[in-house]
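Below is one structure, written out as structure tokens; the observations come after it.
The values are calculated or read from the model by the stated rules, or taken from the named source; none is laboratory data. Everything numeric in this text was worked out from a predicted model, so none of it was measured. Cβ atoms come from the backbone with ideal geometry, glycine included; neighbour counts cover every protein chain shown. The area values use the complete protein model at the heavy-atom level, side chains included, leaving out ligands, DNA and RNA. Shrake-Rupley method; radii C 1.70, N 1.55, O 1.52, S 1.80 Å.
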Amino acid sequence: EEMEKRDPENQEEEEKEEKRETEDIQTEKTVDEKREDTPASDSEVSEIEDLEARTVQARFTLVDRRGRRINGEREGLLLFNGGTVCDDGFSTNSANAICRTMGYRSATRFRHGLVYGTFQSRKRIGLDDVICSSHHWASCRSTTRHNCVHSEDILLTCHGTGFKLLNRAGHVVTGQREGLLTYQHGTVCDDYFNWNSAHAICRVMGYSSAARYRHGLRYGTQQSHRAITMDDVRCRSSYWNYCSYRSAHNCVHSEDIFLTCRPGTSHAHGFRLVDWRGATAARGCEGLLLWNGGTVCDDYFNMNAAHAICRTLGFRSATRYRHGLAYGAMQTRKTIRMDNVRCTSRTWSRCHYSTTHNCNHGEDILLTCHA
């Protein structure tokens, strides 16, 4: 049996999608029971436990000197939960493991240095002593305590992606065409797969977003002879570094994912929450909402907009929002860059906005996201 899902085009379809998400949550217990029925060797159990404990927490990002997320094979400043990563104990194994958690195949190179000026030096150092015995993150240990300075911050370049979309002949598809989703030459099971997963994987492959996904056994032996290399893809945002997965599975090939991606450059959301000094606000604390360095006006802003923006920032949801001139000259010196934010759901792809405005800084949005 095949199930097809398409990107919602109107409010009625969005409501149906939300209903399906609710049903998915209600069936998690059943899926867990199914997983428990699948036998695993001692080594598989150990790997699963390590991945559950570590991969979920591997929130790495590569950014350029303006703090924009890097898509593609360019050098970037390595961040962990918004802080930099020190080079103590860092090795090629560390580099490869981290690139793989972000959906790349491997690392090309890494180096250390203070190269992004005050943008870099204002950040806290978030991780140190990243010691990995293999190129899997499950083999790594690290600490959030450090004895470093920012000249030891890691800059990393990753190479390629382990994901590919293949046609019936096993060749890579291009453009907005459906393909069998593979990871490290094996297929991807649909357990927990959702729109966040689809968008995140398309973006890792250099597309702008996902157009649709479905599951099924459609390519005969070209598909069924492959191993199933990924299962339980859970993404709490639409970027791969907010996803976790298992390399063990309890699936059959009729659950393999087929994916269609939209060509184009992945849209970097450009949002930040900052405190009164202009530094990144602490997780769970209120901050001044910035977009591309400027403030966001409250015209038409609602809880859908708040949730959508918090989710693009990697949070589960918004706690609250308000407007006001709360941060003095730090706030008033900034340009108002976004106005008329209208969101029909809690997903940023369903939002519209204007870059012209009729606002003053007393209308700037202050936002609190749920950590």
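Being farther than 16 Å from Arg272 by Cα, buried (at least 18 other Cβ atoms within 10 Å of the Cβ) and either in contact with a helix residue (DSSP H, G or I) (Cβ under 8 Å, 6 or more places away or on another chain) or at pLDDT below 80 (or both) narrows it down to one residue among Thr55, Thr61; which is it?
Thr55
How do the strands (runs of 3 or more DSSP E) wholly within the range 136-215 filter down when requiring 3 or more residues that are closer than 24 Å to Arg74 by Cβ and open to solvent by 10 Å² or more (accessible area, probe 1.4 Å): which remain?
154-161
List every residue pair whose Cβ atoms lie under 7 Å apart, where the two residues are 6 or more positions apart in sequence or sit on different chains, the first residue falls within the range 275-293 and is on the phi < 0 side of the Ramachandran plot, and the second residue, located anywhere, is among the charged types (D, E, K, R).
Hits for this filter: Ala279/Arg122; Thr280/Arg272; Ala281/Asp275; Gly287/Asp275; Leu288/Asp364; Leu290/Arg272; Trp291/Arg337.
It is to be established whether one or more residues within the range 241-252 are among the aromatic types (Phe, Trp, Tyr), surrounded by 16 or more Cβ atoms within 10 Å (Cβ to Cβ), modelled with pLDDT of 85 or more and not in a loop (DSSP other than H, G, I, E, B).
yes
Tell me which residues, restricted to the range 319-333, are under 31 Å from the mean Cα position of the chain (by Cα) and open to solvent by 60 Å² or more (accessible area, probe 1.4 Å).
Passing the criteria: Thr319, Arg320, Tyr321, Arg322, His323.
Would you be able to tell me the number of residues in the range 67-81 that are touching a Ser or Thr at 6+ places or on another chain (Cβ under 8 Å) and open to solvent by 40 Å² or more (accessible area, probe 1.4 Å)?
Looking only at that region, the number is 5.
Taking the stated definitions as given, is Tyr104 in contact with a Leu (Cβ under 6 Å, 6 or more places away or on another chain) and either open to solvent by 30 Å² or more (accessible area, probe 1.4 Å) or of a type in the set (Ser, Thr, Tyr) (or both)?
no
Tell me whether the range 184-197 contains one or more residues that are in contact (Cβ under 8 Å) with a residue 60 or more places away in the chain and among the charged types (D, E, K, R).
yes
On the basis of being under 23 Å from Ala282 (Cα atoms) and touching a residue at least 24 places away in the same chain (Cβ under 8 Å), does Asp153 make the cut?
Yes: the conditions hold for Asp153.
Any idea how many residues of the range 109-130 are more than 17 Å from Ser94 (Cβ to Cβ) and either among the β-branched types (Val, Ile, Thr) or surrounded by fewer than 19 Cβ atoms within 10 Å (Cβ to Cβ) (or both)?
8
Would you check if there is a residue in the range 147-158 being out of contact with any Pro (no Cβ under 7 Å at 6 or more places or on another chain) and over 16 Å from His112 (Cα atoms)?
No: the range 147-158 contains no residue that is out of contact with any Pro (no Cβ under 7 Å at 6 or more places or on another chain) and over 16 Å from His112 (Cα atoms).
Hey, among Gly113, Gly179, which residue is touching a residue at least 40 places away in the same chain (Cβ under 8 Å) and within 30 Å of Thr221 (Cα to Cα)?
Checking each option against the conditions leaves just Gly179.
Of these, Asn302, Asn340, which one is at pLDDT 95 or above and under 27 Å from the mean Cα position of the chain (by Cα)?
Unique residue meeting the criteria: Asn302.
Could you identify the single residue in Arg66, Arg100, Arg74 that is outside any loop (DSSP other than H, G, I, E, B) and either over 12 Å from the mean Cα position of the chain (by Cα) or modelled with pLDDT under 80 (or both)?
It is Arg100.
Only one residue in Arg346, Arg277, Arg272, Arg311 is buried (at least 17 other Cβ atoms within 10 Å of the Cβ), basic (Lys, Arg), modelled with pLDDT under 90 and within 21 Å of Arg122 (Cα to Cα), so which one is that?
From the options Arg346, Arg277, Arg272, Arg311, the qualifying one is Arg272.
With the checklist (1) open to solvent by 30 Å² or more (accessible area, probe 1.4 Å); (2) at pLDDT below 90; (3) not aliphatic (A, V, I, L, M) in hand, flag the one item Ser133 doesn't pass.
(2)
Find all pairs meeting these conditions: Cβ atoms under 7 angstrom apart; at least six residues apart or on different chains; first residue within the range 210-225 and among the basic types (Lys, Arg) and modelled with pLDDT of 95 or more; second residue in a strand (DSSP E or B) and open to solvent by less than 40 Å² (accessible area, probe 1.4 Å).
That search, which allows pairs on different chains as well, returns Arg214/Lys5; Arg214/Phe258; Arg218/Phe258.
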